[in-house]
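Written below as structure tokens is the structure these notes are about.
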Amino acid sequence: MKLVWKLLRQHISIGQFAGFTLANLVGMLIILLGLQFYQDVQSIFSSRESFMKKDYLVVSKQVNTASTLTGKSGTFSKSEINDLKLQPFAQSVGVFTPADFQVTCNMGMKELGLQFGTEMFFESVPDEYVDYASDQWTFQEGDTFIPIILPRNYLNLYNFGFAQTRGLPKISENVIGMITLDITIKGEFNTDHYKGRIVGFSNRLNTILVPEKFMVWANEKYGKGKELNPSRMILEVYNPTDDAIVKYFDENSYETEDDKLAQGKTTWFLKLMVGVVMAVGGLITGLALYILMLSIYLLVQKNTTKLENLLLIGYSPRQVAAPYQLLTLGLNLLVFILALILLTVFRGQYLAMLETLYPDLLVPGLGQTIVVGIVIFVVVTLVNLLVIRQKVATIWKRKD
């Protein structure tokens with residue numbers, strides 16, 4: 001083997017192999033670094049901060065100039081609701097049931113000098129989507145008391161907007177729960193009066209909520225008797241950062257309240273950027289592989305006479321090809337090791353910055369990235385070895 005190597009190494013170009021090594025190193029490093037960076041920052045975008053560790057999206061159709069001019073209702077049909085339920089990111093789907101009757105409310109506290117009267121609306125959702133638990137949140141046919149849940153931002157608007165500019169006293173949640181509401185419901189053929197009370201506030205649902213049992217009963221009693229399609233749905237998802245949600249909503253012109261899909265869009269763009277970076281890394285690796293193939297072909301071509309002589313005096317094609325194959329294996333292994341070392345160095349630098357911004361950042365290991373690096377190393381090396389073997393086999397056949 002030493003004699004064969006001495007004969008064949010005379011035409012080896014150090015510059016060509018150094019160029020291959022550098023190009024292959026850059027390509028592999030870009031691929032591994034992009035993959036590891038995505039894994040490291042994924043926990044930032046997939047963190048869950050919603051109520052009771054569940055993730056809900058309130059879904060509605062986009063309202064634009066075209067829908068306004070054409071008079072589209074903006075409601076969801078049964079087929080659209082069923083299609084959303086079948087999506088893999090949807091854990092459960094509930095609908096907002098609107099009131100099919102008119103509601104007027106008078107409320108006040110004479111002790112505080114407060115007295116209001118206004119028209120209002122009611123909506124309901126299935127009880128499992130309500131983020132407030134109370135034994136008062138119930139209704140039976142024949143009851144004259146209606147429990148109500150308001151959005152918490154309604155109270156904030158009153159306290160820090162209306163009350164402050166009018167010189168009125170601010171109201172706490174406990175105080176507003178003491179206020180009795182005089183509610184008048186006017187239907188198609190009858191009008192009735194009820195008492196109501198605000199039993200809680202919701203951070204999740206931006207509407208005036210009543211129990212679903214009351215809404216179903218009241219629509220049957222006071223409604224016009226026609227089926228109402230919901231204009232909003234509440235969707236419980238497995239992961240709100242799933243980019244499939246963003247794609248599905250964009251395709252169907254849906255939107256969510258409070259821009260809950262912002263994290264999902266960020267994750268989607270992150271995946272896109274990582275994909276582009278890894279594609280560039282793959283291209284560089286492919287070009288490096290091509291450079292190596294070209295170098296091997298040129299080297300073998302220069303040594304064709306020597307190779308033929310070695311084969312004629314009894315050396316097998318495997319023995320003749322072995323020095324080139326070992327050289328290629330060594331270069332690829334060197335590239336893989338250097339890529340892992342540089343990956344560790346660069347990763348340590350950006351993790352230090354990320355942990356400063358996110359002290360509770362969950363940092364994964366390097367396992368998946370190392371596996372990908374090994375796969376790239378094995379594939380590239382096998383291709384190199386097969387090409388060298390095929391070239392030497394061609395010379396062997398030609399000598400015959």
* Asked: When only the heavy atoms of the protein chains count and the probe is 1.4 Å, how do 318, 347, 166, 152 rank by accessible area, highest first?
  -> 318, 166, 152, 347
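For residue 143 and residue 92, what does the FRET efficiency come to when R0 = 22 Å and r is the distance between their Cβ atoms, rounded to the nearest 0.05? Can you show the working numbers first?
Numbers: r = 28 Å, r/R0 = 1.28.
Taking R0 as 22 Å, the efficiency between residue 143 and residue 92 is 0.20.
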* What is the list of residues in region 230-258 whose amide nitrogen lies under 15 Å from a point 7 angstrom out from the Cα of residue 85, following Cα to Cβ? -> 230, 233-236
* Could you tell me the distance between the Cα centroids of region 309-349 and region 139-162, to the nearest Å? => 73
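Packing-wise, with mean Cβ within 10 Å as the measure, how do 206-219, 381-394, 187-200 rank, highest first?
Details: 206-219: 20.0, 381-394: 16.4, 187-200: 14.6.
Going by the mean number of other Cβ atoms within 10 Å, highest first, we get 206-219, 381-394, 187-200.
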* To do: Calculate the spin-label point distance for residue 120 paired with residue 386, positioning each point 7 Å from the Cα along the beta-carbon direction, and give it in nanometres.
  => 7.3
* Kindly state, to the nearest 0.05, the FRET efficiency for residue 78 paired with residue 160, given R0 = 56 Å and r defined as their beta-carbon distance. => 0.85
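May I ask you to rank 273, 28, 120 by accessible area, largest first, using a 1.4 Å probe over the protein chains only? Can you show the working numbers first?
Values: 273 115, 28 5, 120 45 Å².
These residues rank, largest area first, as 273, 120, 28.
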* Asked: Quick one: if the Förster radius is 45 Å, what FRET efficiency do residue 172 and residue 272 give, using the C-beta to C-beta distance and rounding to 0.05?
  -> 0.45
* Quick one: how many Å² of residue 227 are accessible to a 1.4 Å probe, rounded to 10? -> 130
* Would you mind calculating the gained length between residue 62 and residue 319 on full extension (0.36 nm times residue separation, minus the Cα-Cα distance), in nm to one decimal? => 85.5 nm
* Heavy-atom accessible area ranking, 1.4 Å probe, most first, across 107, 233 -> 107, 233
* In nm, give the distance between the simple-model label positions of residue 379 and residue 356, each being 7 Å from the Cα along the Cα-to-Cβ direction. => 3.7
* Keeping all protein chains in position, work out how much accessible area residue 85 exposes to a 1.4 Å probe, and write it in Å² to the nearest 10. => 110
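The values are calculated or read from the model by the stated rules, or taken from the named source; none is laboratory data. These numbers come from a predicted model, not from an experiment. Neighbour counts run over all protein chains shown; Cβ positions are idealised from the backbone, glycine included. Accessible surface areas use protein heavy atoms only, side chains included; no ligands, DNA or RNA. Shrake-Rupley method; radii C 1.70, N 1.55, O 1.52, S 1.80 Å.
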